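Data block below; observations after.
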Amino acid sequence: MRSLSIEITLVLLCSFFCLSAQEDSTKITLNGQVTSWGIGQFDNPFGIQLGGRFVPTLLGDLKLKQTSKLDFEASMNMNGSANFTGLQYDSVMGQLKPYRVWARYSTGRWEVRVGLQKINFGTAKLFRPLMWFDGLDVRDPLQLTDGVYGALGRYYFKDNANIWLWTLMGNKKPKGFEFIGTDQWKPEVGGRFQMPAGPGELAVSTNYRKVNVRNSSLIAPRSPLLNESRIGLDGKWDLGIGLWFESSVTRLEANADSLPRFQDAWNLGADYTFGIGNGLGVTVEYFRYHAGDQFLLKGTTLNLVGSLFTYPVSILDNLSAMVFYVPGPDLVYNYLSWSRTYDNWSLYAIGYWNPSHFQLITAQSQAKNLFAGRGIKLMVNYNF
């Protein structure tokens with residue numbers, strides 16, 4: 001049903017803009033990206049993954065009046081990979097799914113966007129408590145993530161304050177840090193208000209949804225639908241050194257299904273560019289995640305300290321390094337990345353040295369931890 005509605009939406013959008021293509025105020029463009037990669041994991045036995053992705057994107061822009069326009073994006077994500085243990089074939093995976101399918105009406109002060117879209121916000125860079133609706137991973141140089149189905153409205157005030165309102169529907173898989181997905185046809189609603197605060201900005205966000213316990217095979221549900229509410233607070237300031245914080249608290253209705261009633265996540269961060277050579281950028285963040293039946297107390301707690309170093313070697317070349325430390329078990333994650341960027345081509349080489357059996361907190365959409373153990377990832381990306 002949903003795939004059929006997407007196809008109909010695509011046809012209608014394409015037809016509308018193609019019929020309008022004769023107008024000088026209408027622009028239709030086709031672009032996208034093609035990516036291939038190879039991963040070698042220096043385990044015993046040696047592991048290999050070879051993969052590729054094609055994301056074609058159709059963009060349309062129709063100017064309606066002097067101060068308003070209608071635009072849309074329609075794209076697909078076609079990807080596949082093959083895994084090998086040593087030289088022996090192991091498994092193959094392929095996907096064909098919509099990536100973005102949305103239309104937007106906007107004026108000078110407000111906009112409304114409807115469809116399959118990316119919704120993300122917050123100030124944190126490495127660990128994101130406000131990763132409510134996306135699965136962006138700082139380790140991914142292309143920053144790809146699945147979208148959500150819904151409607152998003154934004155209004156921009158004269159003093160640079162802005163307000164967001166959204167309603168989502170049709171998203172049953174877990175998003176961000178969610179343990180269990182949402183009831184597919186119950187609306188998920190929320191909003192965000194962002195305002196200036198001295199030399200920076202401050203924002204508060206909130207969201208409400210119906211958790212569908214039947215989506216989990218790990219639990220025998222007694223109450224199939226549970227109420228869940230979230231609130232988030234974040235802010236950032238430029239005081240010569242960049243400073244920010246980001247927090248999120250999730251409260252689930254009391255239940256007898258062994259689900260934690262509270263999830264809370266906290267982030268403190270800072271960055272600064274040192275005048276060394278071409279400029280050495282340093283980012284440091286502290287992250288605390290907790291899940292349990294009491295706010296902040298008992299349950300499961302994870303602390304992370306992360307650092308990111310970036311250095312532009314030349315106009316074309318960039319080096320970066322990430323180091324994550326987990327106190328308690330005293331685990332260290334190390335990433336070193338080189339990239340070269342041309343007009344349309346981008347080349348990447350990423351080396352990593354990590355624990356083999358421990359995974360950082362990431363979005364639920366990540367099915368496999370490809371950065372476990374020691375290894376190297378080579379990637380070529382072409383944008384057209």
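See the values below:
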| read-out | value |
| --- | --- |
| Prolate/oblate/rounded call for the stretch 67-127, Cα gyration tensor, a/c under 1.5 rounded | oblate |
| Members of 69/172; 210/298; 236/377 lying beyond 29 Å, as alpha-carbon distances in this model show | 69/172; 236/377 |
| Alpha carbon centroid spacing (whole Å) that separates the stretch 260-316 from the stretch 148-168 | 27 Å |
| Protection proxy ranking of 326-332, 135-141 - average other beta-carbon atoms within 10 Å, highest first | 135-141, 326-332 |
| Trypsin sites (Lys or Arg not before Pro) lying in DSSP loop within the stretch 23-97, provided at most 15 other Cβ fall within 10 Å | 65 |
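All of the numbers you see were taken from the coordinates with simple rules; none came from a lab. What you see is a predicted model, and the numbers here were worked out from it, not measured in a lab. Please note: Cβ atoms are built from the backbone with ideal geometry, for glycine as well, and neighbour counts cover all protein chains shown.
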